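A.B. asks: Sharing a structure here in structure tokens format.
Rule-based calculations on the coordinates, nothing more; no lab input. Keep in mind that what you see is a predicted model, and the values were worked out from it rather than measured. Heads up, the Cβs are rebuilt from the backbone with ideal geometry, glycines too, and the neighbour counts pull from every protein chain shown.
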Amino acid sequence: MAMQSTDESLLRSLERGGLIDITTTGRRTGEPRRLEIAFHNIAGRLYISGIPSRTRRSWLANLEAEPRLTLHLKRGVKADLPARARIVDDIDERRTILTEVARNWRRADVETMVRYSPLIEVTLDRPLLSRSA
């Protein structure tokens, strides 16, 4: 019962989106790299993006080399959640997701975001249970 209660708290925390930390593995050093970043819950799926830039982010390059990461929830519920990243590079999928991200951030430059924003989908290693499960 405690696991289900914990899972429900985690689900509520992940429903909102917001700021988290992630830890990736440095592609050259193999050392853990932690940074604060925004995540989004879009239709029940977790995504991480960033503002448009022509410069490739090191965290994205790290995930390309090693897709395992840890999500660190730190506001409200505190938890470290092992996960996998999938880099979203299909243009149509990017446009669909980034349209929602742009709406969340009140941005009007969706096409610029589609071209230059990093975007990953995050899948937790352990699915969370809900009360209805």
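A.B. asks: Given H placed 1.01 Å from N in the peptide plane, which residues other than close sequence neighbours of Val88 have an amide H under 5 Å from its amide H?
C.D. replies: Amide H neighbours of Val88, under 5 Å, 5+ apart: Leu119, Ile120, Glu121.
A.B. asks: Further question: Between segment 74-106 and segment 30-48, what's the alpha-carbon centroid distance in Å?
C.D. replies: Using only Cα atoms to place each centre, the spacing works out to 6 Å.
A.B. asks: Which trypsin sites (Lys or Arg not before Pro) in segment 80-110 sit in a loop by DSSP (not H, G, I, E or B) and have at most 12 other Cβ atoms within 10 Å of their own Cβ?
C.D. replies: Arg106
A.B. asks: Can you give me the angle between helix 2-16 and the longest principal axis of the chain, using Cα atoms only, in degrees from 0 to 90, rounded to the nearest 10?
C.D. replies: Its long axis makes an angle of about 30 degrees.
A.B. asks: Could you tell me what fraction of 2.2 N^0.38 Å the Cα radius of gyration of segment 76-133 comes to, as a two-decimal ratio?
C.D. replies: In units of the 2.2 N^0.38 Å rule of thumb, it is 1.42.
A.B. asks: Further question: log₁₀ I(q)/I(0) of segment 2-124 at q = 0.09, 0.13, 0.21 Å⁻¹, via Debye over equal Cα point scatterers, no solvent, to two decimals?
C.D. replies: -0.24, -0.51, -1.25
A.B. asks: Here's a follow-up. List the residues of segment 40-64 whose backbone N lies under 17 Å from a point placed 7 Å from the Cα of Tyr116 along the Cα-to-Cβ direction.
C.D. replies: It comes to 49-58, nothing else.
A.B. asks: Go through Leu98, Thr112, Leu10 and say which Cα lies farthest out towards the positive end of the charge dipole of segment 2-124; charges sit on Cβ, +1 for Lys and Arg, -1 for Asp and Glu.
C.D. replies: Thr112
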